[in-house]
Amino acid sequence: MQPVFPSPEWAEAYCRALSSSEEYRRLGRGWVWPILFVATDLPEDLRSLYPSNSPGFILDLYNGECRSVRFYDDASKADAPFIIVARYADWVDVIAGRESPVSALVRRKLVLKKGDMAAVLRYASAAIEMVKVAQRVGGVRG
């Protein structure tokens, strides 16, 4: 069965897929900071799984590899050098390819709550590849 976004199984599959992507390995070289991704405003069926309405996961990204992932039912208790928060519907739009992650950040559909925007923008190509990898993982509804 395919894991569903957001879930511990999806986050683990995503981390594995990133590490096995030659293109991400190339484009992510030099990025050495974990990122916390948080989804808010969940649809009703997911809200019953995550009553905090803010599940998330930290990817330990280092030089084009995902070294580990940690999932949180309530990501408000988590911290990382970079934190990106978005409504579930906006994550779905980005993962589905309906919106570029870079334009979503600029338009503040994805909100960089913590971290250096200049650093994120320097790795725009890696971010676009991360979306392509997420599309291969699948499991996104909407």
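The values are calculated or read from the model by the stated rules, or taken from the named source; none is laboratory data. Note that the structure is a prediction, hence the values are computed from the model and not measured. Counting neighbours? That spans all protein chains shown, and the Cβs are built from the backbone with ideal geometry, glycine included. Protein only, heavy atoms only, side chains kept; ligands, DNA and RNA dropped before computing areas. Shrake-Rupley method; radii C 1.70, N 1.55, O 1.52, S 1.80 Å.
General remarks:
- Some residue of region 124-135 being of a type in the set (A, V, I, L, M, F, W, C), in contact with a Gly (Cβ under 9 Å, 6 or more places away or on another chain) and open to solvent by 40 Å² or more (accessible area, probe 1.4 Å): no
- Close contacts from region 112-127, counting a first residue that is aliphatic (A, V, I, L, M) and a second that is surrounded by 12 or more Cβ atoms within 10 Å (Cβ to Cβ) and at pLDDT below 95, with Cβ to Cβ under 6 Å and a gap of 6+ residues or different chains, come to Ala124/Val102; Ala127/Pro101.
- Residue in region 111-123 that is closer than 20 Å to Glu12 by Cα and open to solvent by 30 Å² or more (accessible area, probe 1.4 Å) present: no
- Considering residues of region 54-73 that are of a type in the set (A, V, I, L, M, F, W, C) and within 23 Å of Ala119 (Cα to Cα) only, the residue most open to solvent (accessible area, probe 1.4 Å): Val69
- Cβ-Cβ under 7 Å pairs, at least 6 apart or on other chains, region 13-28 side free of Cβ contacts under 8 Å to residues at least 60 places away in the same chain, far side assigned to a loop (DSSP other than H, G, I, E, B) and buried (at least 19 other Cβ atoms within 10 Å of the Cβ): Arg25/Gly64; Arg26/Gly64
- A single entry from Ser54, Ser125 fulfils the requirement of being more than 18 Å from Ala17 (Cβ to Cβ), modelled with pLDDT of 95 or more and polar (S, T, N, Q): Ser54.
- Odd one out for Gly64, checked against (1) on the phi > 0 side of the Ramachandran plot; (2) free of Cβ contacts under 8 Å to residues at least 24 places away in the same chain: (2)
- Residue check, Val140 open to solvent by 20 Å² or more (accessible area, probe 1.4 Å), under 13 Å from the mean Cα position of the chain (by Cα) and β-branched (Val, Ile, Thr): yes
- Inter-residue pairs, beta-carbon under 7 Å, first within 16 Å of Gln135 (Cα to Cα) and in region 94-108, second of a type in the set (Lys, Arg), 6+ apart: Glu99/Lys109
- Out of Glu44, Glu23, sole residue that is more than 18 Å from Asp116 (Cβ to Cβ), open to solvent by less than 80 Å² (accessible area, probe 1.4 Å) and not hydroxyl-bearing (Ser, Thr, Tyr): Glu23
- Within region 74-85, not a single residue is of a type outside the set (A, V, I, L, M), open to solvent by less than 20 Å² (accessible area, probe 1.4 Å), modelled with pLDDT of 95 or more and under 23 Å from Gln2 (Cβ atoms).
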